[in-house]
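Okay, so here's the structure we're looking at.
The values are calculated or read from the model by the stated rules, or taken from the named source; none is laboratory data. Quick caveat: nothing in here was measured; it's all calculated off a predicted structure. In this analysis, Cβ positions are derived from the backbone assuming ideal geometry, glycine residues included, and neighbour counts consider all displayed protein chains.
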Amino acid sequence: MKRVNANIFRRCTVMLLLVVSLVCWSGAQAGLLVSDSVGAVFEVVADGNKIWAGWSNQLLYSDNGGISWHCFDTSNGFEPRLVSAMTVNDTAFWAATYYDTITQSGTYSLNGGIYKSDIDVTGWEYFIPPYPFDAGNITYDVFVDSDIIWTANWWRGLSKSTDGGLNWELISFDPGCFNPQDSLHHRAFSLAIGDSVIWAGTEGGINYSTDRGVTWECIRRTEEEGALSADKVVCIRIRDAGGAEEIWAAAWKNYQTGGDFGVSISSDEGQTWRTVLNKRRVWNFLFHGEDVFAASDSGLWFSDDGGQSFENITDHAISYNIDMYSVAMTSDSVIWIGTSNGLYQGGYRGDYWEKVDFTALDTDDEKSQGPGFFALGQNFPNPFNPSTTIPVNLKRSGFITIRVYDILGRELKTIVSAHLSQGEYRFQWDGADDQGCQVPAGVYFYRLDNGQTGYTRTMILLK
């Protein structure tokens, strides 16, 4: 199973910072936005060259590495709501969501649930865990383990379904960190399921079960050396460390029980912990062999030694005021970051970063560039030096040209002029004109034309 999940808790905190209006409810510690949102991407998942990007009120999907996108919203069955977590396996795609509403009488309510689709996103099923009140349905995380659907929920801890979402069982953490019936500190933010242990990151520490959820034990922060750094665990994930399981917990300072922000790591099933990225508010992780990416409020951190040391690979490239919520990687080693300012794509080691402009991309066949014939992607890296890649998706075979022009409209370089079959292409430009001379630094345009229509984009050469 391939999955990169996020935690809706991050949204609640982010709403305090980003928004237009806040509502406090039942003494909750986090403010909740009555939202139609700022252009934030709270979750991004990649599987091969497929990408799912969850915004505050819609889901965007690309099946060609981000060259073109399809939008799912009210018009095609995906109701406006915040996508808090996503997971994909060989047969299905799952999205955990929540939404809030205000009635004409001024009554404020919270609700949520899970959407399911096939992996090509051709249709939707909607599941609502049947809790006694709406807020119990707010789903922070979702994990599909064989035939069991597990969810982490805002008001009710964990739940599971063994019949495809028709019926749900509430999982009590007692005698774990807390009993969700009795305490305000009962939020379950994140799930991770290993070979023999289920892990749940919560408001009050880490709950874990070695008998598939029948009984639970608790790990909490202490003052002892080698302890969990803080009790509010907003994301918990498992990394394969050479055949052994490492538990990674993004721990946030709990202002009642103390501790500090950071990432706690255990290689002995939670008995001892080491902490990295001290004082960093980390939202999510991506593991790729020994390499680790950590999305945080201070940039995207990268480690190539299993978390022994980290460097900020978005430093100065993306504003310090932007939170990184989620990180994913496509099969071409392009890194995708969901942020408070939209979706970014970049190089594996951060050699470039570029914001994805959905307003300029193909979002469905009816609106596609050229009509329904091609989609011309933004070059990457951009700005670039010395070379750049131009992505193209041809939806049917035909004759095309791609030419480069300077700011005065003079033609400099013909990159391709040929009849090509349907498919995805990546064309390179090395910054030279048709005579082989390198062009100076500046703004340039590249245009794809099929003889009937064309589309132009801008790129920047730096030297």
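Would a scan of the stretch 100-109 turn up a residue that is modelled with pLDDT of 70 or more and assigned by TED's automatic domain parsing to the domain that holds residue 147? Can you show your working first?
Residues of the stretch 100-109 that are modelled with pLDDT of 70 or more, as a first pass: none.
No, the conditions are met nowhere in the stretch 100-109.
Selection over the stretch 409-419 of residues that are in a strand (DSSP E or B) and surrounded by fewer than 10 Cβ atoms within 10 Å (Cβ to Cβ) gives a count of 2. Within the stretch 420-456, being touching a residue at least 40 places away in the same chain (Cβ under 8 Å) and of a type in the set (Lys, Arg) holds for one residue alone: 447.
Yes or no: the stretch 378-393 includes at least one residue that is outside the structural domain of residue 318 (by TED's automatic domain parsing), exposed (fewer than 15 other Cβ atoms within 10 Å of the Cβ) and without any contact (Cβ under 8 Å) to a residue 40 or more places away in the chain. No, the conditions are met nowhere in the stretch 378-393. Applying the selection to the stretch 420-438, what residues are part of a loop (DSSP other than H, G, I, E, B) and surrounded by fewer than 17 Cβ atoms within 10 Å (Cβ to Cβ)? Residues satisfying the conditions are 421, 422, 430, 433, 434, 435, 436, 437. Being assigned by TED's automatic domain parsing to the domain that holds residue 245 and either within 16 Å of residue 380 (Cβ to Cβ) or at pLDDT below 90 (or both), is that true of even one residue in the stretch 297-310? No, the stretch 297-310 has no match at all.
Of all residues in the stretch 394-405 being charged (D, E, K, R) and crowded, with 16+ Cβ neighbours inside 10 Å, which is nearest to residue 438 (Cα to Cα)?
So the first thing to find is which residues in the stretch 394-405 are charged (D, E, K, R), and the list is 395-396, 403.
Remaining after also requiring crowded, with 16+ Cβ neighbours inside 10 Å: 395, 403.
Values: 395: 33, 403: 16 Å.
The residue in question is 403.
Summed over the stretch 203-225, residues that are in contact with a strand residue (DSSP E or B) (Cβ under 7 Å, 6 or more places away or on another chain) and not in a strand (DSSP E or B) total 7. Can you tell me which residue is surrounded by the fewest Cβ atoms within 10 Å (Cβ to Cβ) among those in the stretch 439-463 that are in a strand (DSSP E or B) and among the β-branched types (Val, Ile, Thr)? Among those that are in a strand (DSSP E or B) and among the β-branched types (Val, Ile, Thr), it is 443.
Could you check the stretch 128-156 and list, in sequence order, the residues that are modelled with pLDDT under 80 and not aliphatic (A, V, I, L, M)?
129, 130, 131, 132, 133, 134, 136, 137, 146, 154, 155, 156
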